[in-house]
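The values are calculated or read from the model by the stated rules, or taken from the named source; none is laboratory data. No experiment lies behind these values; they were computed from the predicted model shown. Here the Cβ is made from the backbone with ideal geometry for all residues, glycine too, and neighbour counts use every protein chain on show.
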């Protein structure tokens, strides 16, 4: 993660690139989550040697390593070739515009000189945090300690479900289907449960009867989910369920669900390490910034900047 220590980024590359990578789409409602759409394929930047020149702008040459340092290494590695090309155009735009600004002596104005110092400080600050924290892998003892203390985060369930919608639920009525009352929906769910107990195929029934059309087309299959990602009633039933056995109807604000858990496991530490680093690194970076910042006396005029905000109340100890 590259820290944003100032209000604006060092180089507005995303603004200058013609079509910057889009923001990640918002997640679907957790209780009606559909299988995630696979991300577009990317070409690993590591296939190119780090010292190979990949971009030439006038008489300036950038190796792969230099280009990735300029736009943030982790981001570059996840980009497709198309997005990296767009970012290269953005870099070229910044550099050529800056060259023209120097030709017009705009870099010699007092305002420019002050801001150049700030930009230099931002680069140095970012590089320091990357060197000291962001780029360093966490040791195995730290990872295992977090894993052992937060096992619930790695408790995962794979399940299918059939939803029978109730009147008033924020779920579209399927074409040709009746708007069922709560009593009618429960009766239908109970009838489907009897069919399943008698040997009916869950996936086939989900395709035919589930009002969660997103998962119905996949036989009711939901993405693997953890605790805290579903409606509380649905989550409790799923995590308490016996693997391979259909639950009794479970009531949520969407209607009645029949749930078939096909797998329930604790993600092993080796697979959880990436998630743990993602959890811990931001706080470690903040702690490091605070440690260095408090070495130097800082006075903030509260008449101008206001008083610091009180910490938000929390239920956590």
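Do you know which residues across region 196-218 are surrounded by 17 or more Cβ atoms within 10 Å (Cβ to Cβ) and part of a loop (DSSP other than H, G, I, E, B)?
210, 211, 212
Identify, by number, the condition in (1) under 11 Å from residue 160 (Cα atoms); (2) in contact with a helix residue (DSSP H, G or I) (Cβ under 7 Å, 6 or more places away or on another chain); (3) surrounded by fewer than 17 Cβ atoms within 10 Å (Cβ to Cβ) that residue 244 doesn't meet.
Status for residue 244: all satisfied but (2).
Name every residue in region 219-241 that is closer than 21 Å to residue 186 by Cβ and surrounded by 16 or more Cβ atoms within 10 Å (Cβ to Cβ), in order of residue number.
Just the residues of region 219-241 that are closer than 21 Å to residue 186 by Cβ, to begin with: 220, 230-238, 240-241.
Matches in region 219-241: 220, 230, 231, 234, 235, 237, 238, 241.
Just wondering, is there one or more residues in region 167-175 that are touching a strand residue (DSSP E or B) at 6+ places or on another chain (Cβ under 8 Å), touching a residue at least 12 places away in the same chain (Cβ under 8 Å), surrounded by fewer than 19 Cβ atoms within 10 Å (Cβ to Cβ) and closer than 18 Å to residue 237 by Cα?
For region 167-175, residues touching a strand residue (DSSP E or B) at 6+ places or on another chain (Cβ under 8 Å), touching a residue at least 12 places away in the same chain (Cβ under 8 Å), surrounded by fewer than 19 Cβ atoms within 10 Å (Cβ to Cβ) and closer than 18 Å to residue 237 by Cα: absent.
Quick check on residue 178: is it modelled with pLDDT under 95 and either over 30 Å from residue 153 (Cβ atoms) or in a loop (DSSP other than H, G, I, E, B) (or both)? Explain how you work it out, then say what you get.
Values: modelled with pLDDT under 95: yes; either over 30 Å from residue 153 (Cβ atoms) or in a loop (DSSP other than H, G, I, E, B) (or both): yes.
Here the answer is yes, as residue 178 does meet what is asked.
Going residue by residue through region 106-124, is there one that turns out to be in contact (Cβ under 8 Å) with a residue 24 or more places away in the chain, surrounded by 15 or more Cβ atoms within 10 Å (Cβ to Cβ), under 23 Å from the mean Cα position of the chain (by Cα) and closer than 30 Å to residue 287 by Cα?
Looking for residues that are in contact (Cβ under 8 Å) with a residue 24 or more places away in the chain, surrounded by 15 or more Cβ atoms within 10 Å (Cβ to Cβ), under 23 Å from the mean Cα position of the chain (by Cα) and closer than 30 Å to residue 287 by Cα, one finds none in region 106-124, hence no.
For region 127-139, enumerate the residues that are part of a helix (DSSP H, G or I) and out of contact with any helix residue (DSSP H, G or I) (no Cβ under 9 Å at 6 or more places or on another chain). Step through it out loud before you land on a result.
First, the residues of region 127-139 that are part of a helix (DSSP H, G or I): 127-134.
Across region 127-139, the qualifying residue is only 131.
List the number of the failed condition for residue 199; all other conditions in (1) over 29 Å from the mean Cα position of the chain (by Cα); (2) touching a residue at least 12 places away in the same chain (Cβ under 8 Å) hold.
Only one criterion is unmet by residue 199, namely (2).
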